[in-house]
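First the structure, in the form of structure tokens, and then the observations on it.
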Amino acid sequence: MQKDKPIYAPLRVLRPSWFTNPAHFPFTWAFGWWALVQGLAWLEPVPDELQIQFNWKYLASMHLCAIAGQLLLPLAAWKMAPKEQPGGRGAALVRLSLGASLWFLWTFPLTFVFTGSKGAIVLSLGREILWAMGLAMGIVGLRGSRNILKRWIFGILWGFAFFLGSLLFAALPDVGSLSHLKMDNLGTGRVCRGLPNLPPIRIESATWLVSGNPSTVSAPRLALGGRQAILREDRGRILVRISTSSTPPPEDTTGTQHLESSSGPILEDMVRSIPRVGSDSLRLRM
């Protein structure tokens, strides 16, 4: 019948037992649909807010682990399938898994809708649950039990087992990284062994805000020299840029009374040597 042609296989995801019949779902069509699903997985967008570009080798290993899970996990229910299945029990179980993977085909457009990190995680887990439940209900259906309650209980238990198994297979590419995880470094952000390669950092300039009595705090009273530049001058407030590899404070001919700095003890010790004369102040704005 036309409705049983393999091209209509995606329409049968709600009837898992249909995929066990080799006449309805031969392996040539089964692997064809499955290859299409795997190809579309490479086109799914990564959530923008993550701002992550995964290495292609890492992505390839993830897909290979997912493939291994879809082919090997069904074999855990080997004894659940009757021996008289057309083509054998193993073939029937694999066909069921390939048919259940068509849920990924139906949910593919949703990956362009749920582009946030939370939505992507929920969608990813939901698709794995749909695959696991489709596979489990198909396997339970092979037993031919007429007890609906019993079928649902076994289906949910097997579905939960397949779901956990798929998560374990998906985590295989990260096992090597997890071996370097240090729990005592979680609070510091250093969660892996080794240090990142950071570029050398040197302070080339600093901006100082000189404030105080307008009669004494003015541009003409600053010994500007070649390393200082006035960025902005207001009544009693002068913004000075010091362009140098070492950034001492501006040369204030009036002296300073108070200095606020956030650059550490070295800078504080350096500016303490400035005579504390008058009521003017000098503070560093980073």
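The values are calculated or read from the model by the stated rules, or taken from the named source; none is laboratory data. All values reported here derive from a predicted model rather than from experimental measurement. Heads up, the Cβs are rebuilt from the backbone with ideal geometry, glycines too, and the neighbour counts pull from every protein chain shown. The accessibility values were calculated without ligands, DNA or RNA, using every heavy atom of the protein model including side chains. Shrake-Rupley method; radii C 1.70, N 1.55, O 1.52, S 1.80 Å.
With contacts taken as Cα pairs under 8 Å at a separation of at least 6 residues, the range 8-146 carries a relative contact order of 40 percent.
Note on residue 61/residue 14: beta-carbon distance plugged into 1/(1 + (r/R0)^6) with R0 of 30 Å gives a FRET efficiency of 0.40. Report the FRET efficiency, 1/(1 + (r/R0)^6), for residue 115 and residue 241, where r is their Cβ-Cβ distance and R0 is 45 Å, rounded to 0.05. My answer for the efficiency is 0.60.
Length available on full extension from residue 29 to residue 7: 0.36 nm per residue minus the Cα-Cα distance, which gives 7.1 nm. Estimated from the Cβ-Cβ distance and a Förster radius of 22 angstrom, the FRET efficiency linking residue 105 and residue 156 is about 0.40. Taking all protein chains as shown and a probe of 1.4 angstrom, residue 84 keeps an accessible surface of around 140 Å².
Quick check on packing: order 64-70, 131-137 by the mean number of other C-beta atoms within 10 Å, highest mean leading.
131-137, 64-70
Placing pseudo-labels 7 Å out from each Cα toward the beta carbon at residue 72 and residue 218 gives an inter-label distance of 8.3 nm. If the segment from residue 46 to residue 233 were pulled out straight at 0.36 nm per residue, it would be longer than the present Cα-Cα gap by 62.5 nm.
Solvent-accessible area of the range 87-170 (1.4 angstrom probe, protein heavy atoms only): carbon and sulfur portion equals 74 percent. Once both labels are positioned 7 Å from their Cα atoms along Cα-to-Cβ, the gap between residue 207 and residue 175 label points is 5.3 nm.
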